[in-house]
Amino acid sequence: MPFNKEVVITGASGFIGRHLVRQLIAEGCSPILTTRKLKRDNPVDQQRRWFELDLTDHGRSRELFQSLKPRVLIHLAGTRGRGDARGADVACDELNVRATVELLESAVACGIERIVIVGSAEEYGNQPGPHDESSPAQSASTYGHSKAIASSHALRLYREVGCPVVIVRPFTVYGPDQPIDMFVAEAVDAAVRGLDFRMSEGNQKRDLVFVEDVVRGLIAAATAPNIEGRVINLGSGIARSLREVAQCIWKIAGASAPLLIGARKAQPEELSDTWADISLARRLLGWTPRVSLETGLERTIDHVRRQLGEKTQKCLAM
């Protein structure tokens, strides 16, 4: 049982959050879950306690912490700012920076014993890999820049007031139920449906890590002793080109539709390579990834096929 104390999760309805919640419940935990907007499909039972929490609502996080008195916080909520009418800069600054800093200050004031915040491999930007945790922040993206600023604030709070924070930086996470606007999810969907897939030359490299491995890393970061104030990478330790990843998806899926490599130009922020040095995760967390890329892609493809089959059966039954 990973937690014998109250744990609150922000962004619990997101991609990683849903997998984390399932794993915690499987291990006997009843987490406190927050989301910006409660929906009808948020499952409510004795194992899941949902609370609506808009992190940009000033003072709301402190009120919630004071009433619930959690001992552990895992902060997953964040935004890339895509589609925000105010612009990505404003959206990322509001949630990824300002709201995160207020959340940390509220957590410290309420006596939380461990805070895990999720950073990003994009904080490292376009510099030679493998990236270890001492590599400077050189992000080329708005999202990565906002995450780097939040990390800097978190470490300052650790130094100044003893904020019990651990920063986890997942690299390219993939797996079942990932939003379709991410590369692996979009490619898998096209391969399974038999659709053309237009991509760049795919020379940029990514360190892909399966979502269940990331969940194990988050749980370890929430429970391992004496790691406050540390930044810890979670990745596979292997950099693969997106061309190679797409070709692997097409092979595993047995896709017949064209894989159109070079059919579109990569955006500037897509050109950076990411490659994790995971030696610190091994040493501090006892963590290494268990799921190979091939196995993870097989499981993701099988999941999408099952979903499509279920939708087809529902349509036939109508």
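The values are calculated or read from the model by the stated rules, or taken from the named source; none is laboratory data. Treat the numbers as computed from the prediction; the structure is a model and nothing was measured. Ideal geometry is used to build each Cβ from the backbone, glycine not excepted, and the neighbour counts take in all protein chains shown.
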message: Out of the residues in the range 115-150 meeting the condition of being among the hydrophobic types (A, V, I, L, M, F, W, C) and under 21 Å from GLU105 (Cβ atoms), tell me which one is surrounded by the most Cβ atoms within 10 Å (Cβ to Cβ).
response: ALA150
task: Working carefully through the options SER279, SER236, SER256, find the one that is in contact with a Ser or Thr (Cβ under 9 Å, 6 or more places away or on another chain) and either modelled with pLDDT under 95 or small (Gly, Ala, Ser) (or both).
output: SER236
- request: Take ASP84 and decide whether it is over 28 Å from PHE65 (Cβ atoms), of a type outside the set (Lys, Arg) and either surrounded by fewer than 16 Cβ atoms within 10 Å (Cβ to Cβ) or within 18 Å of the chain's Cα centre (by Cα) (or both).
  value: no
statement: Counting only residues in the range 158-184 that are exposed (fewer than 15 other Cβ atoms within 10 Å of the Cβ) and among the aliphatic types (A, V, I, L, M), the one farthest from ALA222 (Cα to Cα) is identified as ILE180
task: Looking only at the range 39-47, decide whether some residue is buried (at least 21 other Cβ atoms within 10 Å of the Cβ) and either within 30 Å of ASP181 (Cβ to Cβ) or modelled with pLDDT under 90 (or both).
output: no
Selection count where residues are touching a strand residue (DSSP E or B) at 6+ places or on another chain (Cβ under 8 Å), more than 22 Å from ALA77 (Cα to Cα) and part of a loop (DSSP other than H, G, I, E, B), scope the range 115-132: 3
statement: Reported set for the range 185-213 where residues are aliphatic (A, V, I, L, M) and either surrounded by fewer than 23 Cβ atoms within 10 Å (Cβ to Cβ) or in contact with a Gly (Cβ under 6 Å, 6 or more places away or on another chain) (or both) is ALA185, VAL192, LEU195, MET199, VAL209, VAL211
task: Scan the range 164-175 and report the pairs whose first residue is on the phi > 0 side of the Ramachandran plot and whose second residue is not in a strand (DSSP E or B), with Cβ atoms within less than 6 Å and a gap of 6+ or a chain change.
output: GLY175/VAL211; GLY175/THR300
message: I'm checking my understanding of the structure. Among residues of the range 1-28 that are of a type outside the set (Gly, Ala, Ser) and at pLDDT below 90, which one is surrounded by the fewest Cβ atoms within 10 Å (Cβ to Cβ)?
response: MET1
field: Test result for SER272, crowded, with 18+ Cβ neighbours inside 10 Å, out of contact with any Leu (no Cβ under 9 Å at 6 or more places or on another chain), in contact (Cβ under 8 Å) with a residue 24 or more places away in the chain and not in a helix (DSSP H, G or I)
entry: yes
- line: Residue hits (the range 73-104; among the aliphatic types (A, V, I, L, M) and either closer than 21 Å to PRO31 by Cα or in contact (Cβ under 8 Å) with a residue 40 or more places away in the chain (or both)) are LEU73, ILE74, LEU76, ALA77, ALA88, LEU95, VAL97, ALA99, VAL101, LEU103, LEU104
message: I'd like to check which strands (runs of 3 or more DSSP E) are fully inside the range 150-205 and have at least 3 residues that are within 16 Å of ILE261 (Cβ to Cβ).
response: 197-199
